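Structure first, commentary second.
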Amino acid sequence: MSSTSPCLTCGACCAFFRVSFYWGETQGAGGGVPDNLTEQCGPLRSCMSGTNNPAPRCTALLGDVGGAVRCTIYDNRPSPCRDFQRSGEDGQENADCDRARAAHGLPPLVLPPLPVEAETA
Ligand code: SF4
Ligand code: SF4
């Protein structure tokens, strides 16, 4: 999420996906992701706490999804969060962004083009 991004009034992907990554990204292994916000979810995998639940929500997410939200570890967030692009960023649609938003009752950021109306005489 960037400081000028519509992500700051969304947060849906932080409360939809399991956010897992190589354990070496955690602080205990020399990375930046705070250990106390992660849990082990495989032999060499960590995930953000709260995202490995049936109703995922990252414990680093502050605020209400669809309202004002903030990642409390933005500068130290793991690679899946850094790599995830919102729909419309760089002119590209991201179906996963749209899917996460839809799950929280939010419309896609990139709306489909309006149908062309037939001309009548
Ligand atoms: S679902 Fe899309 S718009 Fe919402 S926070 Fe994630 S990337 Fe941003
Ligand atoms: S670490 Fe931050 S960007 Fe990543 S899922 Fe959690 S709140 Fe969202």
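With each run of n ≥ 4 DSSP H residues scored as -39500 (n - 2.57), what mean residue ellipticity at 222 nm is computed for the chain after dividing by its residue count and rounding to the nearest 500 deg cm²/dmol? It would help to have the intermediate numbers written out before the result.
Details: 2 runs with 14 residues, N = 121.
For the chain, the value works out to -3000 deg cm²/dmol.
Can you give the relative contact order of the chain as a percent, counting alpha carbon pairs under 8 Å and 6+ residues apart? Walk me through the intermediate numbers first.
On the way: 185 pairs, mean separation 31.1, N = 121.
Averaging sequence separation for qualifying contacts and normalising by length gives 26 percent for the chain.
Give the order of ASP35, ASP98, ASP90 when sorted by the count of other beta carbons within 10 angstrom, beginning with the fewest. Spell out each step's value before the answer.
Numbers: ASP35 12, ASP98 19, ASP90 7.
In increasing order of surrounding Cβ atoms, one gets ASP90, ASP35, ASP98.
How much FRET efficiency would the formula 1/(1 + (r/R0)^6) give for TYR74 and LEU114, where r is the Cβ-Cβ distance and R0 is 30 Å, rounded to 0.05? Write out the running numbers ahead of the final one.
On the way: r = 36 Å, r/R0 = 1.19.
Step by step, r from the Cβ atoms, then E = 0.25.
For the stretch 17-26, just list the computed ³J(HN,Hα) in residue order, Karplus coefficients 6.51, -1.76 and 1.60, θ = phi - 60°, integers in Hz, with x standing in for Gly and Pro.
9, 7, 9, 10, 7, 4, 4, x, 7, 7
Once you list every other residue whose beta carbon is under 12 Å from the beta carbon of CYS47, what net charge do they have if Lys and Arg are +1 and Asp and Glu are -1? Spell out each step's value before the answer.
Numbers: positive: ARG18, ARG45; negative: GLU25, GLU39.
Taking every other residue near CYS47 into account, the sum is 0.
Dipole of the chain, Cα-centred, from +1 at each Lys and Arg C-beta and -1 at each Asp and Glu C-beta, to the nearest 20 debye? Display every interim value, and only then the final one.
Details: 9 positive and 13 negative charges, 92 e Å.
Dipole magnitude for the chain comes out near 440 debye.
Would you order GLU117, GLU25 from fewest to most other beta-carbon atoms within 10 Å of each residue's own beta-carbon?
Least to most surrounded, the residues fall as GLU117, GLU25.
Could you calculate, for the chain, the ratio of the Cα radius of gyration to the Kirkwood radius, expressed as Rg to Rh? Before the final figure, lay out the partial values.
Numbers: Rg = 16.9 Å, Rh = 15.4 Å.
For the chain, the value is 1.10.
Once the other residues with Cβ under 14 Å from the Cβ of THR38 are scored (Lys, Arg +1; Asp, Glu -1), what is the net sum? Walk me through the numbers before you get to the answer.
Details: positive: ARG18, ARG45, ARG77; negative: GLU25, ASP35, GLU39.
Net of charged neighbours comes to 0.
Read-outs: derived from the displayed coordinates by stated rules, not from any lab. Note that the coordinates shown come from a computational prediction; the quantities given were computed from them, not determined experimentally. Please note: Cβ atoms are built from the backbone with ideal geometry, for glycine as well, and neighbour counts cover all protein chains shown.
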